[in-house]
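Encoded as structure tokens, the structure appears first; notes follow it.
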Amino acid sequence: MESSKTRLTFPVKSFKKFEDPYNPKETPAKYQFFVNAKNVPSELEFWLDVNPREQKLNTDVSRDIKNSLLSEDKTFHLLNRGILISAEDITFDNVEKKVELVLSDNQKHGIIDGGHTYKIIISEQENIATEKYVSVEVITHVNHIEMLAEARNTSVAVDDKSIEELKGSFDCIKEIIQNQKIGEDKYFNRIAFKQNEFWGDKDKTNVIDVREIIAIMNMFNPYLYNPLEAVHPIQSYTGKEVSLKKFLNLSPEKGKSKAGNVEFRNKVVSNMRSIIPNMFLLWDIIEKEFPQVSRDLNRRYGAKKYSNYGNDKVKKVSLFSNEELAYTVPKGIMYPCLGAFRALVKQNDRTGECSWALDPFKVWEEKKESIVSIILDNSKTAAGDSPDQIGKSSLIWDSLYNGIFIHRLMRKA
């Protein structure tokens, strides 16, 4: 994604250029210098997209950075790791002792590392009483921005989803769901695609980890789980990071490539285009209706501790429609209930495109009492009435799947 070209000019000290040791006349090149904290340009605020994590300013580390910046000693430039910037170009005026930084593409240029330091400096510029310097490193013409970001962000581990977001690994999913509304809410605006996204945003309390989105999609992915075979995607519930890796490692030749095949992965998502939005809508319907179906069956769902009925200390909000609920339906129940509907997925032998053998919403209406009964009848014997054990119980997954699969066979779909 191209951005308008930005030129930032500011005074620096001790400017040094380091040429590539293998190809001195070739790019990329590295530049280092010190900048008075009061001269750090605020315009860099718009160039943080290449940073793999959002900035949390109320952690112990952030408070230590702030205290060091505002202290009277002159060691900030030595104690702080500094700021790393990727840029299109940089020039140095040896007379004025100023650099001009050129940034033009927000997917390649900006602050790769040191985002916390930068934001703290900008927020405290008016409060800095003594002259303080920060170390700045600029690298031009970076070809593999995600590799540099992963390597440099090591003080606190950057999670895999953040690096994959930089690579554009989720773009194929975004294109399908970015405009979907469930109820009055566009849930896409609450999906955290990278570490710490929406941190401190009080309007985004019901944040959805992108790994949750992928874990749900994986259950219906015929390249991972054959919808006609009772090999259940229990890992979608038990391991979000494992689910992410399963998605990233998708390859037409299993085990051939650790990194998977990007073109194949994008094709798989494209083949699932017509069923993906329904997964999340069906989740929302099950989450809202499960307690009511339980009551209709004279099964006192509200008496279960995990329902949180009457517990005002627990915020009960539906995951996708973001609506307040009277009960909690734990994910240990949601995953096997929703996962059973993968039995309705069919795939075109020629094109690989996926569709529903039967309308999943009609099947829910027809089978919801049976589904809820299976959960409630088996939860005590197979799972000790623990939502976590329900989500891990192969017996419960099997019973739910078989119920939907037999329903499909009876309809000859």
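The values are calculated or read from the model by the stated rules, or taken from the named source; none is laboratory data. Just so it is clear, the model here is predicted, and its values are computed rather than measured. Note that we place each Cβ from the backbone using ideal geometry, even for glycine, and neighbour counts take in every protein chain shown.
Taking only segment 175-200 into account, find how many residues are closer than 24 Å to Asn51 by Cα, of a type in the set (Lys, Arg) and either assigned to a loop (DSSP other than H, G, I, E, B) or more than 11 Å from the chain's Cα centre (by Cα) (or both).
1
Could you grab me the full set of residues in segment 357-413 that are among the hydrophobic types (A, V, I, L, M, F, W, C) and either surrounded by fewer than 15 Cβ atoms within 10 Å (Cβ to Cβ) or touching a strand residue (DSSP E or B) at 6+ places or on another chain (Cβ under 8 Å) (or both)?
Ala357, Phe361, Leu395, Ile406, Leu409, Met410, Ala413
With the structure loaded, tell me whether Phe264 is in contact with a strand residue (DSSP E or B) (Cβ under 8 Å, 6 or more places away or on another chain) and among the aromatic types (Phe, Trp, Tyr) or whether it fails that test.
No; evaluated as a whole, the condition is false for this residue.
So, restricting to strands (runs of 3 or more DSSP E) that lie completely within segment 28-127, which ones have at least 2 residues that are touching a residue at least 60 places away in the same chain (Cβ under 8 Å) and of a type outside the set (Ser, Thr, Tyr)?
Correct list: 30-36, 98-105, 110-113.
Output the helices (runs of 4 or more DSSP H) that fall wholly within segment 256-369 and possess 1 or more residues being over 21 Å from Tyr401 (Cα atoms) and in the same structural domain as Ser243 (by TED's automatic domain parsing), or say none.
Where helices (runs of 4 or more DSSP H) fall fully within segment 256-369 and carry at least 1 residues being over 21 Å from Tyr401 (Cα atoms) and in the same structural domain as Ser243 (by TED's automatic domain parsing), they are 262-271, 276-296.
Only one of Ser62, Ser104 is in the same structural domain as Ala129 (by TED's automatic domain parsing), more than 22 Å from the chain's Cα centre (by Cα) and crowded, with 16+ Cβ neighbours inside 10 Å. Can you tell me which?
Step by step, each of Ser62, Ser104 is checked, and only Ser62 is in the same structural domain as Ala129 (by TED's automatic domain parsing), more than 22 Å from the chain's Cα centre (by Cα) and crowded, with 16+ Cβ neighbours inside 10 Å.
For segment 319-369, how many residues are farther than 24 Å from Glu184 by Cα, within 27 Å of the chain's Cα centre (by Cα) and free of Cβ contacts under 8 Å to residues at least 60 places away in the same chain?
Counting residues in segment 319-369 that are farther than 24 Å from Glu184 by Cα, within 27 Å of the chain's Cα centre (by Cα) and free of Cβ contacts under 8 Å to residues at least 60 places away in the same chain gives 1.
Return the residues of segment 366-401 that are closer than 22 Å to Leu228 by Cα, modelled with pLDDT of 95 or more and of a type outside the set (A, V, I, L, M); say none if nothing qualifies.
Glu366, Lys367, Lys368, Ser370, Trp397, Asp398, Ser399, Tyr401
Taking the condition modelled with pLDDT of 95 or more, assigned by TED's automatic domain parsing to the domain that holds Lys305 and closer than 18 Å to Ser307 by Cα, does Ile404 pass?
no
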